[in-house]
1. Given a Förster radius of 41 Å and the C-beta distance between Lys58 and Glu37 as r, what FRET efficiency does 1/(1 + (r/R0)^6) yield to the nearest 0.05?
2. Mind checking the dipole of the range 9-117: about its Cα centre, +1 per Lys or Arg Cβ, -1 per Asp or Glu Cβ, Debye to the nearest 20?
3. Output the 0 to 90 degree angle, nearest 10, between the alpha-carbon long axis of helix 102-117 and the longest principal axis computed from the alpha carbons of the chain.
4. Which pairs, out of Lys34/Lys76; Lys76/Lys100; Lys32/Lys76; Lys64/Lys100; Lys7/Lys64, put more than 19 Å between their alpha-carbon atoms?
5. List the relative contact order of the chain as a percent without decimals, with contacts defined as Cα pairs under 8 Å and 6+ residues apart.
6. Treating the angle as unsigned and between 0 and 90°, give the value, to the nearest 10°, between the Cα long axis of helix 9-27 and the longest Cα principal axis of the chain.
7. Run the simple label-point estimate for Ile93 and Tyr11 please: 7 Å along Cα→C-beta, distance reported in nm.
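Quick note: the coordinates plus some simple rules give every number you see, no bench work behind them. Bear in mind that the values here come from a model prediction, so they are computed numbers and not experimental data. Here Cβ is always computed from backbone atoms with ideal geometry, including for glycine, and neighbour counts include all displayed protein chains.
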Amino acid sequence: KFMDNKKTDQYYIDKIITDLTFIRTHTESLSKSKLEEDEILVDSIMFRLIQVAENSEKLTEKFKKTYPSIPWRAIKGLRNRIVHEYGNVDLTIVYDTVKKDIPELIGILEGICRCKKE
């Protein structure tokens, strides 16, 4: 018998945390100018941010309404900006997101996961 392949909110949250943690790990000690010099890392971060938005879109409405402090619309907005204006994305916004918003979001999501598992 095949494993039940139903993807739950927890499944998507785990994927989001994995992508956000990847970004944090690879940018922790990075200055904005160093980031701007590293084209491969910028591409990688952009890809992971798109993945975060794609996976957050798959979360149930109930889940999103339960956690209104998470900026769901901003996550999607950043994804749209990256996808539709790839060459014109302001790296200042990306850098600020990486340094300020991502660590905060990881903390919130890990807190949610701990609550759910208890």
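1. That pair, Lys58 with Glu37, gives E of 0.75.
2. 660
3. Helix 102-117 sits roughly 10 degrees off the main axis of the chain.
4. Long pairs (Cα-Cα over 19 Å): Lys34/Lys76; Lys32/Lys76; Lys64/Lys100.
5. Reported as a whole number, the value is 38 percent.
6. Long axis of 9-27 versus the principal axis of the chain: about 20 degrees.
7. About 3.1 nm separates the two model spin labels.
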